[in-house]
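Each remark here refers to the structure printed beneath this line.
Just so you know, all these numbers are worked out from the coordinates, no wet-lab data involved. Nothing here was measured: the structure is a model prediction, and the numbers come from that model. Reconstructed Cβ throughout: ideal geometry from the backbone, glycine too, with neighbour counts over all protein chains shown.
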Amino acid sequence: MAGIIPVTAVCRNSQSTAQSIAQRMQRDKAQITRVLKELINDVLIEKQANPQDGRSQLLFPTRKGSAVMTQLLEAEEETAKAMTRSLTNQELQEFAELTARMVANLTTETAGGR
C-alpha cells in the first residue's frame with residue numbers, strides 16, 4: 001500500500017497539505033498528489049478548503065482512514081515489542097542515540113551540508 005505514509009502524515013498533523021507532506025517526506029509534490037488522490041478515492045482522507053490560504057486544501061482522515069491508522073499503530077506497537085524483546089534498556093538507549101545521529105546526518109546532508 002503506497003499510501004501508508006501519507007495516511008499517517010494526515011492523521012498525525014491536523015494542518016496537512018499536499019505541499020507540507022511533500023516537504024516532510026522530501027518528495028516531489030506531484031508524486032505525493034498522485035498518492036493522495038488514491039487515498040481520497042479509497043475514502044481514507046478528504047480535502048477541505050484551507051481558510052488561511054485559498055490556494056491550498058487541508059487534508060483530514062475520514063472515519064475509515066482513522067480506523068486504518070488505529071490498525072497501523074497497533075501493528076507498529078506489536079512489531080516494536082517483538083523487535084526489542086531481547087534487548088536491554090542500555091541497548092535500546094544506544095540504538096536511539098545512534099539512529100538520532102543518523103537522522104541528523106541526513107537532515108544536514110539534505111540541507112546542503114555534509
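Inspect all residues belonging to the range 66-78 and state whether any of them is at positive phi and exposed (fewer than 11 other Cβ atoms within 10 Å of the Cβ). No, the range 66-78 contains no residue that is at positive phi and exposed (fewer than 11 other Cβ atoms within 10 Å of the Cβ).
Considering only residues that are closer than 26 Å to S20 by Cβ and of a type in the set (V, I, T), which ones fall in the range 56-83? Scanning the range 56-83 gives T62, V68, T70. Looking at this structure, is I40 within 27 Å of V103 (Cα to Cα) and surrounded by 10 or more Cβ atoms within 10 Å (Cβ to Cβ)? Taking the combined requirement at face value, the residue does not satisfy it.
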